[in-house]
Each structure stands twice: as C-alpha cells, then as structure tokens.
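The values are calculated or read from the model by the stated rules, or taken from the named source; none is laboratory data. In this text, all values refer to a predicted model and were calculated from it rather than measured experimentally. Every residue, glycine among them, receives a Cβ derived from its backbone with ideal geometry; neighbour counts consider all protein chains shown. Side chains are part of the model used for accessible areas, which takes the heavy atoms of the whole protein and leaves out ligands, DNA and RNA. Shrake-Rupley method; radii C 1.70, N 1.55, O 1.52, S 1.80 Å.
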Amino acid sequence: MTGIDAAVERYFGPIADWLSAVVFFEVPVFGGVPVIVVWLMAAAVFLTVWLRFQPITGLKHSIRVIRGRYTAKTDPGEVSSYQALATELSGTVGLGNIAGVAVAISAGGPGAALWIAIFGFFAMSVKMAEATLGVLFRKVNEDGTTEGGPMYYLRDGLASIGRKRLGGVLAVLYAVFALVGVFGAGNLFQANQVAAIISGATGSGFLQGNSWVIGVVLAVLAGAVVLGGVKSIARWTSALTPAMAVLYTACILIILAVNITAVPQAFGQIFTGAFTADGVTGGIIGVAVIGIQRALFSNAAGVGSAGMAHSASKTKEPATEGFTAMWEPLVDSIGICMLTALAIVVTGVYTTGDADGVALTASAFATVTGWFPILLTIAVTLFGFSTILAYAYYGELNAMFLFGSSNGVKTGFRIIWVLAIVVGAAISLDSVIAFSDAMFFLMALPNLLGIYFLARVLRLEILRHKYRVSIGALEEVEPALQVGMGDHEPTPEQVAAERVRTLTEELRLSDLHRQLAEDPDFPVRADHHDEELTSPMGAPEGWGLAIDPDAAQDLDAAPDLDGDALAKDPAGR
C-alpha cells in the first residue's frame, strides 16, 4: 500500500468501518439479514401491490410510452424517455451484473439467481414510483433546463401534503448522502475497477504500476461528454447502452451455444436450488436473502437514481416516465443478471471456490476459447465508463440543490468529477469507497420514507393516467410531433404552433374561471388551496396541480376507481 493509501486508511478507515457497520447492520437470523435490505424489500413489495401490479398490467402500455407515443417534442424537458431509460441503465448495469451475480451463486448456489430475477420484478414498481414523482415535482427553469429527483419530491411533494418541514429535512439529508455516495460508487470505484481490469487483462507491468495513465484516458473521454451536460450524457448513454448490452448478450449466447447440452440442467439447478437449498447460509431463506441483496445492489431500486434520470424527460404526463422506468430492473436484474447466471452455471465455474466475481465470469468466458475473456474486458470497460457518465449527472443535480443552480456550480462540479476519475484509477482509497458505498445506500432511507408519505399522490397519478388512456381522454401525439426514441428537438414551426395552442388554452381557462367566479350559484371555490404549494412540473404560478389529500383519499376508497374523476387531474380540471 502506497503512502497516500496508507495515510487515508489510517485516519479514515475507522470512520468508514463504523458507518458501514451501522448502514449494513445485520439481524442475526438466516445467516444474517442486513436491515437496509429489509427496508428496500418491504418498499418494493408494498409498491407492487399498492400500484396494482403495474409490472404486469401496465407492461404493454409501457412499450408505447417508451416509443414516445404520448410525449411531444414541445413538452417541457431536455431528453427523450428512451434516453432517460438508457442513462439510468448505464448507471445500474455494471459490475453488479457480472461480479455480483457470480459472488451470489458462489455463496448461495445456482438458486440465488432465481431470487435475483424474482426481486427484480418487485423492483420495477420502485423505479416506477421514483420516476413518476421525479417528473411530477421537478423544476423547469426559464431556459428549458430541468432539475429533479428525490430531493425535489421530498421537499415540494411533502410540502404539498402539509409536511413541509419534514420534507425539507429529508431533502437535504438525501442530497448530502447522494453527493458523497455517487462520487464513490459512480466515480472512484468505477475508475479503480476499470483500471485494474484493463491493466490485468493486458498483462502490462507499466500499466499495473501506473494505472493513473488509464485514469487520464478515462477522464479525457468522460470530460468530453460530461462537460456538455445532460443532453450530451443522454446522447452517449443512449448509444453505449444498446451497444454494450448487445455485445454482452451475444457473448453469453455463444457460451450457452458451446455448452448447449448443459443448458436444461442449468435451468433445473437454478429453479430447484431456489427452493430446495440445504445448508447454504440458512437454507432456502438464506439463499433468497443472498439473491435479493445482490438484486438490490445491482438495480439500485430505492436509492432514487431513477427519479433524477427521468426528471429531464420531455413530457407533460409524469406517469409516462414511471411506465418507462419499469423496464430498468427488467433489463438489469431479470435480463442481464440471469444471462450471467446461466453462463456461470452451465460452465460449472462456480464450483471452483473462487470468490472473485469477475474472475469467475472470465473463467466462464474462457470455456469458449482463450481470447474470449478479452470481450468481457471490453464489456466491463463500457459498463464502468457508462456508469461514470450517468452518475455525473446525478451528482450535479444534488450539487445544484445544495449550492445553487449557477453555471459556476455546474462547471465546478464537472471539473472536480473528471479529475476524481484520475484519482480513483491511481490509488485504491478502500476506506473512502467503503464510506461512500454506505452513504449510497443511506439514500434509500429518506427516499423511501418520502415515497410512503406520497403513496396516495403517486397511486392517483398512475391510475388516472391509465384510465385516461383507456377511455381515450389521453390520445397519442401526432406522429410528426412524437418524441420517439431518437430525435426529440422540435422545429421552429412546431414551437410556434405549441405557443399558440398554449396561449389559446390559457385564455379559454381564464375566461372559464371568470365565468365561474361571476356565477353566484356555482358552489365550488378554490380559496382553501395553499398559495405556497410548489407547482409540479414547473407550471406557471396558479397553474400547478393542487393535490387535495382528502379528495385523493376519497377517490382511492372507491371500489374500482372508475368514473369521470380519474379522467381529470388531481385539481379537478
């Protein structure tokens, strides 16, 4: 250990060890169950039931949403729903899908893979909740840029239901945890691992002794993207994510083809091992905990990153981003993790006792041919680099929330982020990474607590959107104006037409409000609405959705949640 590493470990190590012990405290049952995992598990199951199993009932609709059928190029926002999806996948698809799955199978047997997939299903509802609230309470600036995420729906969302002070405290706590957490999990750790994997794969003694060189290359490449802001990041991640997914999937399919005779037995081992495990960290429940823990660590459901990624999407319908975000755990934990598990099980490398996850996966790749692990090195490098890009945006959002949205804060953060890549690649800083890793999962505490408080608002938004679609009150956008999966910038003519349409609608509503105000027999008045409530989606003053908790509760109590009320927004328009 170098002098710098030794000094950091000596002074910072005890603090990191203490925080990790607190955050990852284990209840001594079934081989040890981390309390933070229970917290995340409970939220995932609750939201799946509370939102009426949208991962099943809303999956078909979500495909049309991702293709941009319900969002227009003139809607507020900066990126398409697909680009937001790619950005979040870039942040979650990484070493957890490669090393984490291998470690889970080594510890819990093949059955752990099935539990990873099962809990990936429940995690879909958590991502839906985060993304929907992220758009519902985002801030749209005058220049068209957006700011959103858990810190905004904690502050403004809880204020809208009468818990302003609690929301303010939770929002600040979340932003502090996130700013530290993303630096470690999304920058230092990724740069360090990519440098180690590249230097190890090349066998270069120079690179192994001077890993800062790899860090400089990563920093230059990342700087060229990060300094351009969220639009630049979204363009790159929307290109990198499909490329690395196709590369990795193709490699796994080749491994399965080479070992085709072992594939049926591998499926049998995965399914039977999930329910008949004996003597492995507490039996069936122990294997389940191992799989669930790896799934949560892989897809990051509950830490709020989806709320930040999707807050930049072009949309006027917050629920569209919820239906888009559902796909993230589906691709991450059910798709890529299961592919990795199959490759490890069919090749039998998990029986070697090697605890190094990347080494196990590399061994599976090597069963094809001697040079095949090189493709794994390329995939891991792409995974790590894309994570650095995605988490740069998340960190920037939290920095702006804490220190202001000035250009100085944005530029300063981006420069520090790029320089930190070199530091992460050059030195190990194990304690710093352990500390930030604990902070990363601390993000789940205020985030999920806020989502519980906003559960009624969330459910109303999701179910209202689906009902409006089902009765035709919310129609698909005309093809020429649809955001789609690629080009999402409107033409000057489209912008002008939308401005005219908006002005016409404003005048119509203004005249309607005037007529109602002058009608002595009209019994409804809006005097009870709190003028201080922040308008979701950055609407002009007076146009926000004033969510009445009592009205939402009455609507939620309806047996089948049907009727004209769901075709309207929470303000009753």
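Given a cut-off of under 8 Å on Cα pairs at least six residues apart, what relative contact order in percent is computed for region 143-194?
Details: 27 pairs, mean separation 14.3, N = 52.
This gives 28 percent for region 143-194.
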Quiz item: What part of the accessible area of region 405-501, given as a whole %, is carbon or sulfur when the probe is 1.4 angstrom?
Solution: 64 percent
Self-check item: Sequence-separation-based contact order of region 360-477, relative, with Cα cut under 8 Å and 6+ spacing, percent
Solution: 9 percent
Quiz item: Can you give the extra length, in nm with one decimal, that the chain gains between residue 260 and residue 415 once fully stretched, where that is 0.36 nm per residue apart less the Cα-Cα distance?
Solution: 50.9 nm
Quiz prompt | Electrostatic dipole magnitude of region 302-376 [Cβ: Lys, Arg +1; Asp, Glu -1; Cα centre; debye, to 20] | solution = 180 debye
Quiz prompt | Spin-label model distance (nm) - residue 232 vs residue 29, 7 Å beyond Cα toward Cβ | solution = 5.1 nm
Quiz prompt | Residues of type lysines that residue 73 reaches as a straight line, Cα spacing below 26 Å, ignoring anything fewer than 8 places off in the same chain | solution = 60, 127, 139, 231, 314, 316, 410, 466, 568
Self-check item: Protection-proxy order for peptides 40-46, 99-105, each taking the mean of Cβ atoms within 10 Å per residue, highest first
Solution: 99-105, 40-46
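Please give the peptides 122-130, 166-174, 110-118, 510-518 ranked by average Cβ packing (other Cβ atoms within 10 Å per residue), highest first, as a rough proxy for protection.
Working: 122-130: 31.7, 166-174: 20.7, 110-118: 25.8, 510-518: 10.6.
Top of the packing list down: 122-130, 110-118, 166-174, 510-518.
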Exercise. Using a Förster distance of 30 angstrom, determine the FRET efficiency expected from the C-beta separation of residue 210 and residue 239, and round it to 0.05.
Key: 0.50
Quiz item: Between residue 371 and residue 505, what is the spin-label point distance in nm, taking each point 7 Å from the Cα along the Cα→C-beta axis?
Solution: 5.7 nm
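Within 10 Å of each candidate Cβ there may be at most 13 other Cβ atoms; applying that plus a DSSP loop requirement, which chymotrypsin sites (Phe, Trp or Tyr not before Pro) in region 359-409 survive? Please list the in-between numbers first.
Numbers: sites: 365, 371, 383, 385, 391, 393, 394, 401, 403; in loops: 371.
Here the chymotrypsin sites (Phe, Trp or Tyr not before Pro) that fit, given the DSSP loop and packing criteria, are 371.
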Self-check item: Protection proxy ranking of 16-27, 144-155, 303-314, 416-427 - average other beta-carbon atoms within 10 Å, highest first
Solution: 303-314, 144-155, 416-427, 16-27
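Give the accessible surface of region 197-249 per residue, rounded to a whole number of Å², with probe radius 1.4 Å and ligands, DNA and RNA excluded. Intermediate results must be reported in sequence, preceding the final value.
Values: 2430 Å² over 53 residues.
Averaged over the residues of region 197-249, the accessible area is 46 Å².
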Exercise. Search the structure for amide H atoms under 5 Å from the amide H of residue 313, placed 1.01 Å from N in the peptide plane, and list their residues when 5 or more places away or on another chain.
Key: 78, 79
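Please report the carbon-and-sulfur percent of the accessible area for region 114-237; probe 1.4 Å, protein heavy atoms only, DNA, RNA and ligands left out.
On the way: 2840 of 4330 Å².
Ligands and nucleic acids excluded, carbon and sulfur reach 66 percent.
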Quiz item: On average, how much accessible surface per residue is there in region 337-455, in Å², for a 1.4 Å probe, leaving out ligands, DNA and RNA?
Solution: 31 Å²
Practice problem: Once you have a ≥ b ≥ c as the square roots of the Cα gyration tensor eigenvalues for region 148-248, tell me rounded if a/c is under 1.5, and otherwise prolate or oblate according to whether a/b is larger than b/c. | Solution: prolate
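Quick one: if the Förster radius is 56 Å, what FRET efficiency do residue 38 and residue 489 give, using the C-beta to C-beta distance and rounding to 0.05? Walk me through the numbers before you get to the answer.
Working: r = 45 Å, r/R0 = 0.80.
My answer for the efficiency is 0.80.
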